[in-house]
Amino acid sequence: MTETAMPYTHLGEALATDYFLIRQQFTATEWERFIAVRRFVDTEVLPVINGYWERAEFPRALVPRLAELRIVGEDIEGYGCPAMSPMESGLVHMELHRGDGSLGTFVGVQAGLAMKSIAMLGSPDQKVRWLPAMAKLEKIGAFALTEPMHGSDSVALETSARRDGRNWVLDGAKRWIGNGTIADVIVVWARSAEDGQVKGFLVESAMPGYHASVIEGKGCARAVWQADIRLDSVRVPDESRLPEANSFKDTARVLVSTRAGVAWAALGHAVAAYDTALTYSKQRKQFGKPLCSFQIVQERLVKMLAAVTAMQLYCMQLARLAGAGMLTDTIAGLAKLHNTRTARQVIAEARDMLGGNGILLDSHVIRHMTDIEVLHTYEGTETMQTLIVGRDITGVGAFA
């Protein structure tokens with residue numbers, strides 16, 4: 001499904017990792033979208049992203065180009081959104097993460113979490129106000145669910161919302177909130193004091209009492225900023241409450257589609273690592289011969305290709321099920337579990353095959369090796385996905 005990421009290649013070359021000829025199943029529109037994002041990644045992202053990553057600097061210069069590509073908004077129809085098919089959305093996630101996990105995370109938060117929350121759960125006025133500007137990246141969004149003491153146990157959130165006349169007053173703290181320091185609007189999930197249910201609110205960053213600070217010292221996804229957020233009696237008008245977000249089940253509806261996107265994103269990281277290892281093995285000579293001429297190297301490459309191909313087939317089926325309205329949280333969870341675990345293995349193999357060069361940013365692999373840890377953790381850890389799927393197949397819950 002891809003070409004090599006290092007060195008940069010031409011689009012006319014064979015797509016080396018499409019061993020099962022999956023591209024033949026793409027529609028013309030899906031193929032064009034794939035090629036457009038691939039070209040952007042190869043010519044504009046890969047040449048500059050290492051510097052941003054090393055400096056822990058958000059690549060603001062790339063944001064206008066993302067808007068021009070019209071890839072922000074996933075399958076949302078209208079409001080200036082691209083109304084992509086599940087396959088198109090998946091390919092976009094894959095390619096962005098093939099370039100860089102930070103950039104992919106930024107778009108995933110913007111479109112998959114913040115915009116999807118408004119599109120699925122918001123009022124007509126909220127959609128008109130926010131979605132067109134967010135699709136153009138004129139307004140940035142964030143999704144504030146995770147709390148300092150509640151990561152995997154997100155349903156136990158403590159951030160509170162109480163009515164005060166025509167307003168809601170929010171108090172609490174959130175952690176690991178992507179885009180939280182640069183967002184114009186933040187989808188904040190809080191527990192209502194009235195009925196104890198989780199509700200969603202559109203908090204504007206300019207509102208008094210909203211405080212966000214960048215979490216420093218990250219070793220992963222360094223070119224995107226996660227935030228610690230504090231909500232000190234933030235007053236939100238009732239018209240900024242998401243009217244269709246009335247329980248955690250509504251929150252979970254948003255998370256199902258984004259979890260599938262994580263499986264695609266993991267594929268992008270794995271493809272980048274495999275392509276790099278394959279190219280390196282052909283160019284690097286040891287003991288007078290190219291690395292690829294050694295049996296053990298060929299064996300490792302074949303195992304990596306088999307793993308990547310399995311990930312591709314998982315993603316293809318996710319897209320089909322999503323298009324048919326049959327994608328469930330457990331199916332998305334199993335795919336997320338499989339692909340993030342498999343990507344970690346493929347990337348570790350590639351890093352080892354590159355020897356000392358594998359730890360240099362110039363090879364890109366070490367960046368993918370650290371960034372995959374983000375995907376491995378967020379949207380539900382491997383452990384949580386295992387327990388959720390385990391409950392589904394056995395009928396017995398092994399956790400509270």
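The values are calculated or read from the model by the stated rules, or taken from the named source; none is laboratory data. Please read all numbers here as calculations on a predicted model, not as lab measurements. Positions of Cβ are backbone-derived with ideal geometry, glycine not excepted, and every protein chain shown enters the neighbour counts.
Only one entry of Val224, Val254, Val214 meets the criterion of being within 27 Å of Val128 (Cβ to Cβ) and either crowded, with 21+ Cβ neighbours inside 10 Å or in contact with a strand residue (DSSP E or B) (Cβ under 7 Å, 6 or more places away or on another chain) (or both), and that entry is Val254.
For the stretch 52-69, taking the residues that are of a type in the set (Gly, Ala, Ser) and either outside any helix (DSSP H, G or I) or without any contact (Cβ under 8 Å) to a residue 40 or more places away in the chain (or both), the one that is farthest from Ala221 (Cα to Cα) is identified as Ala61.
Does the stretch 167-190 contain any residue that is free of Cβ contacts under 8 Å to residues at least 40 places away in the same chain and surrounded by fewer than 21 Cβ atoms within 10 Å (Cβ to Cβ)? No, there is no match, as no residue in the stretch 167-190 is free of Cβ contacts under 8 Å to residues at least 40 places away in the same chain and surrounded by fewer than 21 Cβ atoms within 10 Å (Cβ to Cβ).
Taking the criterion of being more than 12 Å from Glu349 (Cβ to Cβ), in contact with a helix residue (DSSP H, G or I) (Cβ under 8 Å, 6 or more places away or on another chain) and not small (Gly, Ala, Ser), the residues of the stretch 266-279 that qualify are Leu267, His269, Val271. With respect to the conditions (1) under 20 Å from the mean Cα position of the chain (by Cα); (2) not in a helix (DSSP H, G or I), Gly325 falls short on a single one, namely (1). In this structure, Leu267 does not satisfy being of a type in the set (A, V, I, L, M) and more than 18 Å from the chain's Cα centre (by Cα). Among the residues of the stretch 377-400, write down those that are at pLDDT below 90, assigned to a helix (DSSP H, G or I) and in contact with a Lys or Arg (Cβ under 8 Å, 6 or more places away or on another chain). Hit for the stretch 377-400 is Glu382, nothing else. Of the candidates Ala266, Ala245, Ala260, the single residue that is more than 22 Å from Ile118 (Cβ to Cβ), touching a Leu at 6+ places or on another chain (Cβ under 9 Å), surrounded by 22 or more Cβ atoms within 10 Å (Cβ to Cβ) and among the aliphatic types (A, V, I, L, M) is Ala266. Can you tell me which of (1) surrounded by fewer than 16 Cβ atoms within 10 Å (Cβ to Cβ); (2) in a strand (DSSP E or B) is the one Asp195 doesn't meet? Result: Asp195 fails condition (2) only.
Take the residues of the stretch 277-310 that are of a type in the set (Val, Ile, Thr) and under 24 Å from Leu360 (Cβ atoms): which is surrounded by the fewest Cβ atoms within 10 Å (Cβ to Cβ)? My answer is Ile296.
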